[in-house]
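The values are calculated or read from the model by the stated rules, or taken from the named source; none is laboratory data. What you are looking at is a predicted structure, and each value in this text was computed from that prediction instead of being measured. Neighbour counts are summed over all protein chains in view; Cβ atoms, including those assigned to glycine, are modelled from backbone coordinates with ideal geometry.
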Amino acid sequence: MKFIMRILTFCLLLFAATTGFAQQSYDLVIKGGHVIDPKNGIDGPMDVAVLDGKIARVAKDISATGAKQVVHADGMYITPGLIDIHGHVFYGTDRSNYLSNGSVAVVPDGFTFRVGVTTIVDAGGAGWKSFRMFKENIIDQAQTRVLSFLNIVGEGMRGGAYEQSTNDMDPKLAAQTASANRNYIVGFKLAHYDGHDWTGIERVTEAGRQADLPVLIDFGGSTPPLSIEELFMKRLRPGDIFAHTYTLLPGNVRETIVDEATGKVKPFVWEARKRGINFEVGYGGASFNYSQAIPAIKEGFYPDAISTDLHTGSMNSSMKDQLSVMSKFLNMGMPLADVIEASTWKPATIIKRQELGNLSEGSEADIAILTMREGNFGFYDKTGYKMEGDRKFECEMTIRGGRIVYDLNGIADPIYVRR
């Protein structure tokens, strides 16, 4: 009898191993959603399982038996956690410091998770002189993953004369700071320099060369404007990033990508993309115009990265937040999968953080669960031009490192897990 029982036990174990009778127990299972994961070419109904803060499995009909939490995401989109590569989160209390330890910047966790953003890159708030403060006060305190484009100006983005000081643009010290902080610094930033010369570009690209990192260029400010064709084709390197792609600034201080006379994207802009120049939105308070974006999107000149230029000025004007900017591009005709890619996997590759922006098994479980609201919505730009739209993204849930950090309507079961 004992022999027979042993045989039966062995057979049951073999059956379980070969048929999936024994189920893996997960920390979290998301059921019934539509997964869009551009890196892995997934665009359809799938479940997602999370274990120990990592993506454990993406497949159809994953059993939720034994899972600590289950999320029923029927009718929702499941995407990698959104990546905003142009924000301003070096918040501080010095009113004279603008976006470097100043009150115009924002505390990241208050404005990221509620819109599905799990990673935000501060765009030049800190320079090589102030990065330590930024790390201690913001990066180390935030639940959001905060990264940095280090300002080539040592003082950072303090505004005014500080950002015009070529004496404070030190490629060597900037590169050394970046090399010593590889976990956090993903590139360098030049912003608001209005000299009618290439000094700022030369200094920031030299820092990029020394540290082998890309640069983000907020270009323009001089009259007449410097040539963006020369910038793209001679001054920048493949992999570098052009900020505020769809802007038209008053006063003839910056050349546009769309020819205002013909309404067409200039031919050299297409060539720059082929050369490897990346184009990001950087919407901001004054850096997006429908007059540039609509004809560009109509031609298929989509952004490589959809981003906000988040600060108190932009979030309370026409920009709003990451999902609002994504909704604008969706309603202008950019395909849904491309909008998600430009908010997840593509920005991850631009900042050389390919471990982010995807739902590959073993990747950190940063996940956004989005709904698509249908109705009549108005999307306007800084000029007051308004575009009607019938779709708008809304964030139902954000998961950071396998932990639910935002749940709009309590769709997790149970809502809280005792740890």
Check: Taking interchain pairs and intrachain pairs at least six residues apart, which have beta carbon atoms under 6 angstrom, with the first residue in the stretch 400-411 and over 14 Å from GLY116 (Cβ atoms) and the second part of a strand (DSSP E or B) and not β-branched (Val, Ile, Thr)?
Finding: GLY401/GLU364
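Table: residues versus (1) free of Cβ contacts under 8 Å to residues at least 60 places away in the same chain; (2) over 19 Å from ARG403 (Cβ atoms); (3) under 12 Å from the mean Cα position of the chain (by Cα).
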position	(1), (2), (3)
ILE85	no, yes, yes
TYR98	no, yes, no
ASN101	yes, yes, no
ASP122	yes, yes, yes
GLY125	yes, yes, no
LYS129	yes, yes, no
LYS135	yes, yes, no
Item checked: Test result for SER148, among the hydroxyl-bearing types (Ser, Thr, Tyr), surrounded by fewer than 24 Cβ atoms within 10 Å (Cβ to Cβ) and touching a residue at least 12 places away in the same chain (Cβ under 8 Å) -> no
Notebook entry, point to check: Among MET319, MET326, MET315, which is under 21 Å from PRO250 (Cβ atoms) and either of a type in the set (D, E, K, R) or under 17 Å from the mean Cα position of the chain (by Cα) (or both)?
Noted result: MET319
Check: Considering the stretch 193-218 alone, what residues qualify as being crowded, with 20+ Cβ neighbours inside 10 Å and at pLDDT below 95?
Finding: TYR193
Next item on the list: Take the stretch 194-230 and flag every residue that is under 11 Å from ILE152 (Cα atoms) and not in a helix (DSSP H, G or I).
Entry: VAL215, LEU216, ILE217
Next item on the list: Mind listing whichever residues of the stretch 349-371 are farther than 24 Å from VAL71 by Cα and buried (at least 22 other Cβ atoms within 10 Å of the Cβ)?
Entry: ILE350, ILE351
Next item on the list: Considering every residue within the stretch 242-257, establish whether at least one is surrounded by 15 or more Cβ atoms within 10 Å (Cβ to Cβ), at pLDDT below 95, of a type outside the set (S, T, N, Q) and in contact with a Leu (Cβ under 7 Å, 6 or more places away or on another chain).
Entry: no
Check: On the given criteria, is SER227 modelled with pLDDT under 95 and more than 30 Å from ALA365 (Cβ to Cβ)?
Finding: no
Next item on the list: Find the residue count for the stretch 358-412, including only residues that are part of a strand (DSSP E or B) and under 22 Å from the mean Cα position of the chain (by Cα).
Entry: 25
Check: Taking the stated definitions as given, is PHE279 in a helix (DSSP H, G or I), at pLDDT 95 or above, under 27 Å from the mean Cα position of the chain (by Cα) and assigned by TED's automatic domain parsing to the domain that holds ALA293?
Finding: no
Notebook entry, point to check: Which ones in the stretch 93-149 are among the charged types (D, E, K, R), assigned to a loop (DSSP other than H, G, I, E, B), closer than 18 Å to VAL186 by Cα and touching a Gly at 6+ places or on another chain (Cβ under 7 Å)?
Noted result: LYS129
